[in-house]
Amino acid sequence: MSKKDIMSWEIDGATYIGEYCIEEDGDFYREVAQGKGKMTYPNGAIYWGDFFNGVPEGFGIMQEADGTKYIGEWKEGEPHGKGKQVTKEGDCWKGNYINNYLHGLGTYSFKDKILYKGQFKNGSPHGKGVYIENDEKYRGEIVNGLYHGYGRLAFPNGELYEGEFLVGTFNGQGSYTFRNCSKWVGEFENNKMIGEGIFHTMDGRSELKDWKDDRRNPEGLTILCEKNNFWR
């Protein structure tokens, strides 16, 4: 394989201009993109950067026909290593890529405002991270882009849930603090308070209550306690 000067040719509908080498294959020889170059693909995408053995490898920029652009490291024709992907609308994914997918630590932002910062797996938020959406802020565990595991979700009105999540909903043990500073500590299911739990009122009292479908269970028991005194 010998390095040659810059030249241009078409292959499989794509147009290449840049550095290349001659590769020997038995009794045949063929030109292979290698070094710095530019490739224009049949679907309208354009790549500028490093090539190895005919495909992007090293550092380069790929711009798709719709304006989406990836800037960063490549391996065997796919984004691999540090890089970022930006759409013309302003969406931006930045971090470490493996085989075309954001994987490991990274960020997602829209028009320079970070909406997610944390761990990714195969292109989706997965692991531990911080989500900011519609002025809500979540910090905790995430599975396939959904709140799942232990986390803390703060709402713009000042209310706060902290506890266990299941596929994006309050499920399991947790606490919910209301705007008036009262607080429920107990069991949740599908975003609703259920079963026995303790309700801390804004005036400092604590009530052991039984809830069903987010409402007080009329058949349940309520015990009030204040300064070691109890009422049924």
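Looking only at the range 62-99, filter to residues that are of a type in the set (Lys, Arg) and either within 16 Å of residue 120 (Cβ to Cβ) or at pLDDT 95 or above (or both); which one of those is surrounded by the fewest Cβ atoms within 10 Å (Cβ to Cβ)?
Step by step, filter the range 62-99, then rank; the result is 82.
Looking only at the range 160-199, which residues are within 17 Å of residue 139 (Cα to Cα) and among the aromatic types (Phe, Trp, Tyr)?
Answer for the range 160-199, where residues must be within 17 Å of residue 139 (Cα to Cα) and among the aromatic types (Phe, Trp, Tyr): 161, 165, 170, 176.
Those residues that are among the small types (Gly, Ala, Ser) and under 19 Å from residue 130 (Cα atoms), I need them from the range 148-174; list them, please.
Passing the criteria: 149, 151, 154, 158, 163, 168, 174.
Just the residues that are within 24 Å of residue 71 (Cα to Cα), surrounded by 16 or more Cβ atoms within 10 Å (Cβ to Cβ) and among the hydrophobic types (A, V, I, L, M, F, W, C), please, taken from the range 15-35.
32, 33
Which count do you get for residues in the range 160-175 that are open to solvent by 30 Å² or more (accessible area, probe 1.4 Å) and within 26 Å of residue 204 (Cβ to Cβ)?
Selection size over the range 160-175: 3.
With the requirement that a residue be farther than 13 Å from residue 14 by Cβ and buried (at least 18 other Cβ atoms within 10 Å of the Cβ), what does the range 36-61 give you?
Once the filter is applied, which keeps residues that are farther than 13 Å from residue 14 by Cβ and buried (at least 18 other Cβ atoms within 10 Å of the Cβ), the range 36-61 yields 49, 50, 57, 60.
Out of all the residues in the range 51-73, is one or more within 26 Å of residue 170 (Cα to Cα), assigned to a strand (DSSP E or B) and in contact (Cβ under 8 Å) with a residue 24 or more places away in the chain?
There is no residue in the range 51-73 that is within 26 Å of residue 170 (Cα to Cα), assigned to a strand (DSSP E or B) and in contact (Cβ under 8 Å) with a residue 24 or more places away in the chain.
I'm told residue 195 meets every condition in (1) in a strand (DSSP E or B); (2) at pLDDT 90 or above except one. Can you identify the failing condition by its number?
Checking residue 195 against (1) in a strand (DSSP E or B); (2) at pLDDT 90 or above, the one that fails is (2).
Yes or no, residue by residue, for (1) touching an Asp or Glu at 6+ places or on another chain (Cβ under 8 Å); (2) farther than 30 Å from residue 144 by Cα:
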site: 8; (1), (2): no, yes
site: 33; (1), (2): yes, yes
site: 57; (1), (2): yes, no
site: 81; (1), (2): yes, no
site: 91; (1), (2): no, no
site: 99; (1), (2): yes, no
site: 106; (1), (2): no, no
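Anything in the range 111-121 that is among the hydrophobic types (A, V, I, L, M, F, W, C) and either open to solvent by 60 Å² or more (accessible area, probe 1.4 Å) or within 14 Å of residue 165 (Cα to Cα) (or both)? List them, or say none.
Within the range 111-121, 114 is the sole residue that qualifies.
Restricted to the range 122-157, and to residues that are within 8 Å of the chain's Cα centre (by Cα) and in a strand (DSSP E or B), which residue is surrounded by the most Cβ atoms within 10 Å (Cβ to Cβ)?
125
Is there any pair linking a residue in the range 22-46 that is modelled with pLDDT under 85 to one that is open to solvent by 60 Å² or more (accessible area, probe 1.4 Å), with Cβ under 6 Å and at least six apart or on different chains, and which?
That search, which allows pairs on different chains as well, returns 23/1; 23/30.
Just to verify a result, which residue in the range 198-232, among those that are open to solvent by less than 40 Å² (accessible area, probe 1.4 Å) and in a loop (DSSP other than H, G, I, E, B), is modelled with the highest pLDDT?
Among those residues, the one meeting the criterion is 201.
The values are calculated or read from the model by the stated rules, or taken from the named source; none is laboratory data. From a predicted model like this one, the values you see are computed outputs, not experimental measurements. Please note: Cβ atoms are built from the backbone with ideal geometry, for glycine as well, and neighbour counts cover all protein chains shown. Please note that ligands, DNA and RNA were not included when accessible areas were found on the heavy atoms of the full protein model with its side chains. Shrake-Rupley method; radii C 1.70, N 1.55, O 1.52, S 1.80 Å.
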